[in-house]
Amino acid sequence: MSGDDCIAVKSGWDEYGIRFNMPSQHIVVRRLTCISPTSAMIALGSEMSGGIRDVRAEDITAIGTESAVRIKTAVGRGAYVRDVYARRMRLDGMKRVFWMTGDYKSHPDDGYDKTAVPVVENISCQYVVATGVWTLEGGGADAGHLHGQRHCRDDQGEEVCRGTMQTSRA
């Protein structure tokens with residue numbers, strides 16, 4: 001039981017993470033059971049300015065959790081979240097399977113680069129069994145469709161991240 005994200009992958013915050021330039025990479029999460037009513041089973045970001053890549057999660061179970069996979073980004077973060085593969089997920093009593101946020105607004109100070117737009121690409125979820133889930137995807141008119149292009153927009157409608165996702169449900 002967690003009061004926050006069960007697994008959180010981070011790699012630096014805004015201009016400090018960009019300058020340090022050390023990605024979080026080659027991460028494997030296996031055989032995890034998570035209960036987190038207000039957060040994610042696996043969260044990528046929001047402090048992701050050094051980049052996050054090659055994250056593998058398999059044979060995971062979430063019960064009464066807000067989302068299985070959550071990607072948190074914002075203008076000023078820069079860098080990327082790419083090559084994330086989740087498979088064989090069993091989800092029960094959750095709000096969302098996948099949730100991508102492009103306007104996670106906290107910054108350490110006002111020195112962040114307002115042109116540093118994060119890129120999200122190659123996100124794959126396979127063999128998902130979901131029961132009692134409110135919606136398959138957080139936000140947007142296409143909630144519930146889990147294939148194709150995904151775009152995150154800030155409060156003014158500006159694109160702040162891009163992503164693709166493919167899924168199959170068992």
Per the C-alpha gyration tensor (a ≥ b ≥ c, the square roots of its eigenvalues), the stretch 40-100 is rounded if a/c is under 1.5, else prolate if a/b beats b/c, else oblate; here it's oblate
For Asp113, other-chain or 5+-apart residues with amide H closer than 5 Å (H placed, Pro excluded) are Glu15
Would you mind pulling out the separation of the Cα centroids of the stretch 8-54 and the stretch 58-108, in Å? 10
Under the Karplus relation with 6.51, -1.76 and 1.60 and θ = phi - 60°, whole-Hz ³J(HN,Hα) for the stretch 68-85, x at Gly and Pro, equal 6, 10, 10, 10, 10, 9, 6, 4, x, 6, x, 6, 7, 10, 8, 6, 10, 10
In the stretch 1-69, which chymotrypsin sites (Phe, Trp or Tyr not before Pro) fall in coil by DSSP and have 16 or fewer other Cβ atoms within 10 Å? none
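Bear in mind these aren't lab numbers, they're just calculated from the coordinates by the rules spelled out. Since the structure is predicted, the reported quantities are computational estimates derived from the model, not experimental observations. Methodologically, a virtual Cβ is constructed for each residue, glycine included, from the backbone with ideal geometry; neighbour enumeration extends over all protein chains shown.
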